[in-house]
Amino acid sequence: MSKMANIKRNDTVLVIAGKDKGKKGKVLRVIKDKNKLVVESVNVYKKHQKPTPANQEGGIVEKSMPIDVSNVQPVCPKCSEKTSFRRKEVEGGKRVRYCNKCSQTVD
């Protein structure tokens, strides 16, 4: 199973590699076909924007860019430690994610 299956939108992740190593942020978007994530306040670039009819001011706009999924690790909301999520089947045939360290369900 790929790492992408265990990280979803609104999960908290910790950056473990790259220029933003050590930062935590919330996942805003998952790009499955490219194995990338957009994380809040991580990998931020500045874009120079010209004034347009829609954006009267223009100027310098900060934009979060995608980061590779291999450079992040999920953080458990229950125990607040970096971990990996596993999946298990509960009654009724439903599959849920759970923390590998504290064994509490995440979903």
Can you work out which of the residues in the range 6-30 that are loosely packed, with under 13 Cβ neighbours inside 10 Å and in contact with a Leu (Cβ under 8 Å, 6 or more places away or on another chain) is farthest from Arg95 (Cα to Cα)? Gly22
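Conditions (1) under 17 Å from the mean Cα position of the chain (by Cα); (2) surrounded by 13 or more Cβ atoms within 10 Å (Cβ to Cβ); (3) within 24 Å of Leu37 (Cα to Cα); (4) assigned by TED's automatic domain parsing to the domain that holds Lys36, marked per residue:
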position: Lys50; (1), (2), (3), (4): no, no, no, yes
position: Pro53; (1), (2), (3), (4): no, no, no, yes
position: Glu57; (1), (2), (3), (4): no, no, no, yes
position: Met65; (1), (2), (3), (4): yes, no, yes, yes
position: Glu89; (1), (2), (3), (4): no, no, no, no
position: Arg97; (1), (2), (3), (4): yes, yes, yes, no
position: Val106; (1), (2), (3), (4): yes, yes, yes, no
Scan the range 27-42 and report the pairs whose first residue is more than 11 Å from Ser64 (Cβ to Cβ) and whose second residue is among the hydroxyl-bearing types (Ser, Thr, Tyr) and not in a helix (DSSP H, G or I), with Cβ atoms within less than 8 Å and a gap of 6+ or a chain change. Asn35/Ser2
Which strands (runs of 3 or more DSSP E) does the range 15-74 wholly contain that include 1 or more residues that are farther than 22 Å from Phe85 by Cα and of a type in the set (S, T, N, Q)? 44-49, 59-64
One residue is enough: does the range 76-91 have a residue meeting the conditions at pLDDT 90 or above and outside any strand (DSSP E or B)? yes
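The values are calculated or read from the model by the stated rules, or taken from the named source; none is laboratory data. All figures in this text were calculated on a predicted structure; none of them were measured in a lab. No Cβ is skipped: glycine too gets one built from the backbone with ideal geometry, and neighbour counts run over all protein chains shown.
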